[in-house]
């Protein structure tokens with residue numbers, strides 16, 4: 001591959017050429033979405049032995065990753081939501097007596113159903129400051145709706161070509177802000193001495209004909225595309241931390257369910273709140289005590305597929321009333337996509353069809369007597 005893999009760990013390829021955006025990749029493929037391949041650490045993953053579970057414990061791998069990041073950067077910022085993923089990262093640094101210089105909690109105030117999660121994260125951050133890191137900086141970043149209006153007015157019809165695959169009226173605007181946030185926090189510095197840590201979700205599995213595979217989809221991975229942040233759980237330089245989670249999840253599913261292809265995807269789609277908690281704990285996440293985060297009933301609803309998510313309805317109604325110009329720019333862009341790439345549009349999802357990564361065989365299904373669900 002000819003591109004800079006350090007920055008381009010996530011994106012799309014068509015005939016071996018890399019693209020950050022799904023629209024640009026579709027153009028290169030003449031609208032044939034079947035020609036798109038999701039690039040997910042492919043160069044590193046092809047060197048990984050997927051059929052062997054790492055022998056190190058999960059905690060050992062988390063501790064190693066914390067030390068690795070602490071040694072790599074002079075300054076560390078953690079984007080902290082108070083959910084399973086960021087809590088586990090935070091606890092890893094505390095357990096190893098390693099410091100983080102800044103905790104960032106960001107919110108969109110128009111999403112009132114997420115207010116309790118933001119308040120919980122802020123409360124936890126203050127406790128961390130009192131009990132562990134008295135010099136830690138707590139940054140509460142609030143993004144007002146005017147930012148969404150500004151995004152569409154700035155990019156106009158070109159908004160569909162921005163990085164990733166975010167057709168929701170709010171998601172792409174917010175994601176582009178996330179691209180900007182690192183330089184904003186670092187005071188515009190381009191220095192490589194400031195690291196930004198994100199904990200983006202869990203691995204994904206496929207179960208076909210009695211075989212387990214590790215696989216990724218672009219609905220989940222889109223949040224990482226073109227980001228300069230360190231993804232704690234997706235690390236091309238430390239593939240064992242990703243691989244270990246895959247095997248931990250396989251073990252949990254075999255131990256707990258009568259496994260079927262449909263059930264695996266149901267759990268990974270956050271359709272069962274109780275399973276959501278068990279899934280997080282099974283793959284090594286630390287327990288959380290905020291019920292919204294515990295059962296994924298807040299932020300996960302915002303991340304529903306398609307252009308009709310709760311988030312889009314709330315902000316779409318508001319923009320249509322108060323920011324008509326921006327709303328029309330977004331709506332016209334969606335109509336252009338539906339018309340130009342109709343074969344790539346999934347009317348059931350109300351979004352472009354999903355693109356998946358290369359599948360990596362893990363192992364055969366191992367039935368167990370300890371089934372308690374199904």
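Just so you know, all these numbers are worked out from the coordinates, no wet-lab data involved. This structure is a prediction, so every number in the text was calculated from the model and none was measured. Cβ coordinates were reconstructed from backbone atoms using ideal geometry, including for glycine residues, and neighbour counts include every protein chain displayed.
A few notes on this one:
- Radius of gyration over Kirkwood radius for segment 90-132, both on Cα atoms: the Rg/Rh ratio is 1.06.
- Considering only the chain, percent of DSSP beta bridges that pair antiparallel, nearest 5: 55 percent
- Packing rank of 85-93, 330-338, where each peptide gets the mean count of other beta carbons within 10 Å, highest leading: 85-93, 330-338
- The value given for segment 209-268 is a Kirkwood hydrodynamic radius of 13.4 Å, derived from the mean inverse Cα-Cα separation.
- Contact order normalised by residue count of the chain, Cα under 8 Å, 6+ apart, percent: 25 percent
- Given their separation in residues at 0.36 nm each and the Cα-Cα distance between them, residue 272 and residue 217 gain 17.8 nm when the chain is fully extended.
- Point-to-point label distance, residue 157-residue 60, nm (Cα→Cβ direction, 7 Å offset): 5.9 nm
- Fraction in percent of alpha-carbon pairs per bin - 10 Å, the chain: 5, 22, 33, 28, 11, 1
- Cα-Cα P(r), segment 42-183, percent of pairs per 5 Å interval: 2, 8, 14, 15, 15, 14, 13, 11, 5, 1, 0
- Structure-based [θ]222 nm, the chain - -39500 (n - 2.57) summed over DSSP H runs of at least 4, per residue, nearest 500: -12500 deg cm²/dmol
- Here the simple spin-label model places points 7 Å from the Cα toward Cβ, and for residue 98 and residue 331 these points are separated by 5.0 nm.
- For segment 192-303, the relative contact order works out to 24 percent when only alpha carbon pairs closer than 8 Å and six or more residues apart are counted.
- Maximal additional length on extending the residue 129-residue 340 stretch stands at 70.8 nm, based on 0.36 nm per residue less the C-alpha distance.
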